[in-house]
Structures are given as C-alpha cells and as structure tokens.
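S.K.: My questions all concern the structure below.
The values are calculated or read from the model by the stated rules, or taken from the named source; none is laboratory data. Computed from a prediction, not measured in an experiment: that's the story for all the values here. With ideal geometry, Cβ positions are generated from the backbone for all residues, glycine too; neighbour counts draw on all protein chains shown.
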Amino acid sequence: MNDSQFRAEVRGWLTSALASAEFACLAGKGGTGRAHEFVAERMAWERRLGADGWIGLGWPEADGGRGLPWHRQVIFHEEYARANAPGRVGHIGEQLVAPTLLMFGTAEQKARFLPGIAAGTELWCQGYSEPGAGSDLAGLRTRASVSDGEWHIDGQKIWTSLAHVADWCFLLARTTPGAERHHGLSCLLVPVRQPGIEIRPITQITGTAEFNEVFFDDARTAEENVAGEVGDGWRVALGMLGVERGVSNLGQLIGFQREFSSVLDMARGNGSIGDPDIAARVTDAWIGLQVLRFTTEDALGGGDAAGGVVTGGVASNITKLMWTTWHQRLGELAVDVAGQDATLAGPDYGLTDTQRLFLFARAETIFGGSNEIQRNIVAERGLGLPRG
Amino acid sequence: MDTPDQAALREAVRDFCLKHGGPGAWDRLTGELGLTGLAVPECYGGAGAGLAEVAVAVEETGRVLLPAPYLSTALAGAVLSGGDGASGVAGGEFLPGIASGALRAAFVFGFGSQVTASGGRLTGVARHVLDGAEADLFVVRAGDTLFAVRAADTVVTPSPTLDQTRSQATVAFRDAPAQVVGCAAERAEDLLRVMLAVESAGAAAHCLDVTVGYLKTRAQFGRPIGAFQALRHRCADLAVEVTSARATAYAAVRAASPASPAELAVLAPLAKRYCVDVFWHSAAEMIQLHGGIGFTWEHEAHRYLKRAKTSQLLHGTPAELRRLVGQRAGLC
C-alpha cells in the first residue's frame, strides 16, 4: 500500500464511522476549549478507534501496533483533522504513556498496559504539575513509599487533564525521602478509581472544566507498577516529554485553517473586512499560519540543522512558541471581528466558538511548559546560552 | 533539507565568504566557483542547476552581505534561461557572459520606475536599481514584458547609498535597443522577491549568531550577560523568527518551480515580507544587545541594519506586500 492508498483508507474509515448513528453527533466536538462535550460518546469513539486498529499506529507490531513510519502517522492525523473528528480522550495513553513504556517498561508492563491503550478501553492521565511545582517541576512534593508490597502515595497534583475519565495515572512522585530536586523521583502507574484518590474539577475562565486537582491520601498501587528504575523518574519523565515527535502538529494546523476560515467568513459576513485594520490583521493571521506550516513541516523533516544557528533539537519548543502565540492572536482577532456581539454570553454562560477560542487560547501559552520555559530551553539548548 | 550536492555547495560558498568576502571577490566567485552560472544551462557555460542552488548561494553570500552583485546576476542567469532549463529569446547572447562573470546584471522593476517599450526599444527613467552601478546588463520590466538591455545603451548614474554593501543607480533609457526575455515579468519580479527573502533569512541568522556569541563572552555584574533572562528570551524569540524565516524562504523557493505559478504568486510577496521583517528585527536586536559597541562604525551591526531597511523599502514595502498577499490569496 502506498501513501495515497493509506490516506484513502483512513479517509474512508473516518467518513463512514462519523456518519454512523452512534457517532454522527461528534463532528467537531471535544476539541480546543471544549473537552467537556460528549465525554461518554467520545469514550465510545475511542473504543471504536481501537477496535478497528487506529490506535498505536507507530508502535512496533510485536507490541500490538502497526509499525507505521512517522509520515504515515502524520497522514492519519491530517485526515483525522480534515474529517473534523472529535477531540481524543485516549491521546495521553497512546502518545505519551505507551511510547514511554516502549522505551522504559518491562515486558510484563507492556503486556499489561499496551492492549488496553490500543483497544481504547483504558484511559490515562498524567500527574506531573503540583500547586508548588509548575514550571519548576523538580520541586514536586507528592511522595510515595513501599510497604507490604504496595506503594503508598500522598500529595496533590493539579492541572490534570482527563483525570475524571481516566483509569490510570502516570504519576511522578518522590520515592526517596529527603532527596531533592530531580533526585529520588519515580514514575508510578496508579489506578485512578480507588478510595485514596479524590478528583475535583477546576472551573476555568470559560466557565467549563477540563483540568482537575487530584488528591492522593494513602492511595495505593502494586510495587511493580514503576516505569523505569525506582529513583530514575526524572529521566523517564523527561523521556516522556521528548517522545512527542509532533506527528499530530500538521493535523492541528488543519484545525487552525478551519478556525481561520470561520473568522474570515465572519469578517466578510459582517463587513468588518472593509476595515483596513481588520483586513491587515486577517492577512497577517493567514501569513502567520503559512509560516507556522512551513516551520512545522521543516521540524518534522528534521530540517533545523542546515541553518546552523539553532541546534539541539529544540524544534518542538520553537513550534510550541509559534502555534500558541498564533492561536492566541487569532482568538483576539476573532472577537474583534465579532465586535459588540462578543460582549454577550448565552444562558448559563453559554459561549460562542469565537469566545471559547478567545478565552481558551490563554491556556495554551501556559500549559505543556509555559512559553517562558520554552524560551529558556531554546536559549540554553538551542543557542547554548549560559543558565541564569 | 539540502541535497548532498546543495550541502557541498553551501559549504564551499560559506568557506569562500569567510576567506575572501572582500571587494575583489567577484573574479574568484565566478571563476573558481562558477556561482553566477549555477542556473545557466551547460551549453552556455553554466552549471545547469536551478533556482534551489542559486538560493543556497544567495543565503550564504547574504550572510556576510557580500559586496558584489551576486543575487541579481545569478537570478538573471535563471530568468534569461527561461526560469528553469529552456532558453529564452535573449538567452543565448547573454548567458555565456553571466556564467563566466563577464556580465553583471541588475533588475529594473515597477517600484519607482517608469519605463515603456515601443518597437523593441525602451524609454524612461528607473531609480533605485539595486546593483545598478556596476551592471553591464539590465533586465527590465515594461508593462508585462521583460527585456534585456545592455548598460552601454543606457545612461547609468550611481547614487550614494545608506547601505554601502549594495549599490543603487538611476538608469535612463532613451530609445535603448531591447530584446524580449522569455520569462513573464511578474514571475521574474516574484523570483527577485524570493531571493531577497532567502538572502534576508541568511543575514538574519548571521545577526543572531554574532549576537549569541557576544552574549556568551561579554560579562557584566560578574557573569556573562547571556545568563540574564531578559536577554536570553529575546534571543529565543529571534531563534523562533530566524528558524521560521528560513523555512518560509525555502518554501517559496520550492514554489518557484514553473509547475506552481499560483503558489509562487502568493509565497513570493509573503516570504519577502516575512523574512525581511525578521531580518530587520534581528539587526535591530543585534545593535541593542551589543550595547555601545553595536553602535560603532567599526562593528558590522550597522551594515545589517541598513541592508535590512533597504530590502524592506525596495521591491515592495511590508504594507504593499501584505496587500498583495491578501489579494492573491483571495482574502481581501
């Protein structure tokens, strides 16, 4: 099968699956800023993806994947975005936990956890940030110790996406008492639904909730549920942050193009495109999107080396700075195009897509490593500037 | 991103620019390296390569602001060859000279020029002709047609320039004999914008490179100033801009293949606007982050600032190019 045949296969499957009675309601749902929508249906969608072999495309075949090269994965994500398919609830398991287990996990762990991820039946969340450890992740204080063959976990995580639907949490905790900073940490695999774990949603500026606080009060997991060596959690956690190769980024750009088009349509519809300032900003947004696309394609192709100046594998940091900033500007443009209507909310604080984009984009420059942290990484690893 | 041949070419040009980047560079640039003939077919003494190879050389010569009419001459080689491959009407007469370096070329386009054609002769005055002072050959837009005119058949008046690394001239045509060039004028103008984008991407990378090097060694308050976050973050932002400018410039180069005229029409003004703006920002930051030394005549920073502003103001200002992108992309 060549690439275009593969693309046709993906497109055909998505078209028919999204036309089915069960999933027709999901088009465009659950994406950016709307993770609260149709959660049960999206969990069923995840199982459908898994049943038909669309999860784990890049994993080795021996581990239950399809062993596809990254450009085929890009094709899948592009078609997924083009089909306006729903926001995933299984992506943390598929794109972060599974690659980490493939890199650091034991044979038993792979056999235990990969099939549930591949089938879409076991969902994951990621417990990294804490109230006192955001940008400074190494300052985390959640602690765990072994007794009677089990880890006992106490502490608190925050900004945990999908904790309320997840079955498992990939948890970074301090397992060596008295150790500091990046020493004495371990990555634990913890079942979420148990008496020792309490989950409280965080209502965000959109009025909805898609992140949670997670409280651990003598929560338990089996002693063998550690990814990598005990005490080696920092390396494993950083490996996890590094595995995301950006195969979904080009798909994301298709969603951005769709959002840009709706802003343009709105500007034409209400005549604001006739305002030279709005026209200039619309054109700048379009130019910015093309620049983002070229840079993302280059990053995927490993093309940042020939320029010579910026090295050190910081392409994903560079594209994160770019897409978050671009998207935020688009949200600002969108409400300015909407004009006075954008100052009203619906009943129960119901928001338009425009308002949701405008508000949620404020999160994007903060989560996943704030843009200030990204700049530090680019400065240190990409440019070789000394640490402050 | 480079093919192996392009990587070898890049290394050779970069090495050359480091060692011989002075005013006497032209003979070696054309003789030893044959750079002006990169896009000229082999039957005319060129290398028979294409615009992608010209772009590599333009980026590298742009990095050091090589004071020679390289960009315009090498691009003229491509344009007179019909863009890529097939020879244009005027090609055969001029291409061997371009390939050997005997003929230096410059482009005369719309902005600031009023040149009209009648019966195979051109009349009018063009100002701000980049690389015009030393040109032997002008590639001139009159209406939608492109012409080749020998400098000997015109009156060339060099102008002192803000950017002393690239000449400008006012060129007067009075019934000057002209030959039609087999390349659409709009395409040629877009190709010039693409090459200015590539050159700017290279020069911007150099500005960042030199600035980062300085921040690593310059110490204040007992530490290298590159350790201060206020400066590091500005360099990181420049790194984002420089990386994306390069990606954009080469996307425009790829669109320059004759197979994608609509894409070139959009990406040429887009890339020129974006890359030159990045260059301008990089040059301005280069001066600020160097402090007082960056304001001196001896330091190279001012040459980059002046080149950036010159490139920004000629062949389409940022505002003009934005309007052009908006129109050509069907936005507004």
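S.K.: Filter region B:117-141 down to the residues that are in a strand (DSSP E or B) and either in contact with a helix residue (DSSP H, G or I) (Cβ under 8 Å, 6 or more places away or on another chain) or of a type in the set (Lys, Arg) (or both) and list them by number.
M.R.: Answer for region B:117-141, where residues must be in a strand (DSSP E or B) and either in contact with a helix residue (DSSP H, G or I) (Cβ under 8 Å, 6 or more places away or on another chain) or of a type in the set (Lys, Arg) (or both): B:ARG121, B:ARG127, B:LEU130, B:LEU137, B:PHE138, B:VAL139, B:ARG141.
To keep it simple, each residue is scored yes or no on (1) within 23 Å of the chain's Cα centre (by Cα); (2) surrounded by fewer than 23 Cβ atoms within 10 Å (Cβ to Cβ); (3) polar (S, T, N, Q).
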{"position": "A:ILE318", "(1), (2), (3)": "yes, no, no"}
{"position": "A:GLN328", "(1), (2), (3)": "yes, yes, yes"}
{"position": "A:ASP336", "(1), (2), (3)": "no, yes, no"}
{"position": "A:ALA345", "(1), (2), (3)": "no, yes, no"}
{"position": "A:GLY350", "(1), (2), (3)": "no, yes, no"}
{"position": "A:ASP353", "(1), (2), (3)": "yes, yes, no"}
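S.K.: Of (1) at pLDDT 95 or above; (2) in contact with a Pro (Cβ under 8 Å, 6 or more places away or on another chain), A:ALA27 satisfies all except one. Which?
M.R.: Checking A:ALA27 against (1) at pLDDT 95 or above; (2) in contact with a Pro (Cβ under 8 Å, 6 or more places away or on another chain), the one that fails is (1).
S.K.: For A:PHE38, which of the numbered conditions (1) within 27 Å of A:THR352 (Cβ to Cβ); (2) exposed (fewer than 13 other Cβ atoms within 10 Å of the Cβ) fails to hold?
M.R.: Tallying (1) within 27 Å of A:THR352 (Cβ to Cβ); (2) exposed (fewer than 13 other Cβ atoms within 10 Å of the Cβ), A:PHE38 fails exactly one: (2).
S.K.: Hey, another quick one. Please enumerate the residues belonging to region B:149-178 that are among the small types (Gly, Ala, Ser) and in a strand (DSSP E or B).
M.R.: Here is the first cut: in region B:149-178, the ones among the small types (Gly, Ala, Ser) are B:151-152, B:159, B:167, B:169, B:172, B:176, B:178.
If the condition is that a residue be among the small types (Gly, Ala, Ser) and in a strand (DSSP E or B), then B:SER159, B:ALA169, B:ALA172, B:ALA176 are the ones that fit.
S.K.: Ok, one more. Of everything in region B:209-230 that's at the interface with another protein chain (Cβ under 8 Å from one of its Cβ atoms), in a helix (DSSP H, G or I) and hydrophobic (A, V, I, L, M, F, W, C), which residue is farthest from B:GLU53 (Cα to Cα)? Talk me through it step by step, then tell me what you get.
M.R.: The first filter runs over region B:209-230 and keeps only residues at the interface with another protein chain (Cβ under 8 Å from one of its Cβ atoms), leaving B:209, B:212, B:215-216, B:223-224, B:226-229.
Now restrict to residues that are in a helix (DSSP H, G or I): B:209, B:212, B:215-216, B:226-227, B:229.
Add one more test, that the residue is hydrophobic (A, V, I, L, M, F, W, C), and what stays is B:212, B:215, B:227.
Values: B:VAL212: 28, B:LEU215: 33, B:ALA227: 38 Å.
Applying the filter and picking the extreme gives B:ALA227.
Residues checked against (1) more than 23 Å from A:ILE278 (Cα to Cα); (2) surrounded by fewer than 20 Cβ atoms within 10 Å (Cβ to Cβ); (3) within 14 Å of another protein chain (Cβ to nearest Cβ); (4) of a type in the set (Ser, Thr, Tyr):
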| site | (1), (2), (3), (4) |
| --- | --- |
| B:VAL266 | no, no, yes, no |
| B:LYS272 | no, no, yes, no |
| B:ALA301 | yes, no, no, no |
| B:ALA308 | yes, no, no, no |
| B:SER311 | yes, no, no, yes |
| B:PRO318 | no, yes, yes, no |
| B:VAL325 | no, no, yes, no |
| B:ALA329 | no, yes, yes, no |
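S.K.: Hey, another quick one. Is there a residue in region B:14-23 that is within 14 Å of another protein chain (Cβ to nearest Cβ) and out of contact with any Lys or Arg (no Cβ under 9 Å at 6 or more places or on another chain)?
M.R.: Yes: one or more hits.
S.K.: Next question. Residue check: is B:ALA283 part of a helix (DSSP H, G or I), more than 9 Å from chain A (Cβ to nearest Cβ), over 16 Å from the mean Cα position of the chain (by Cα) and closer than 23 Å to B:GLU53 by Cβ?
M.R.: no
S.K.: Further question: Kindly provide the set of residues from region A:364-376 that are surrounded by fewer than 19 Cβ atoms within 10 Å (Cβ to Cβ), away from every other protein chain (no Cβ under 14 Å) and out of contact with any strand residue (DSSP E or B) (no Cβ under 9 Å at 6 or more places or on another chain), ordered by number.
M.R.: A:ILE366, A:GLY368
S.K.: Is there a residue in region B:164-187 that is surrounded by fewer than 21 Cβ atoms within 10 Å (Cβ to Cβ), among the β-branched types (Val, Ile, Thr) and within 14 Å of another protein chain (Cβ to nearest Cβ)?
M.R.: no
S.K.: Which residue out of A:ALA379, A:ALA334, A:ALA342, A:ALA361 is facing another protein chain (nearest Cβ under 10 Å) and outside any loop (DSSP other than H, G, I, E, B)?
M.R.: A:ALA379 is the lone residue from the list that is facing another protein chain (nearest Cβ under 10 Å) and outside any loop (DSSP other than H, G, I, E, B).
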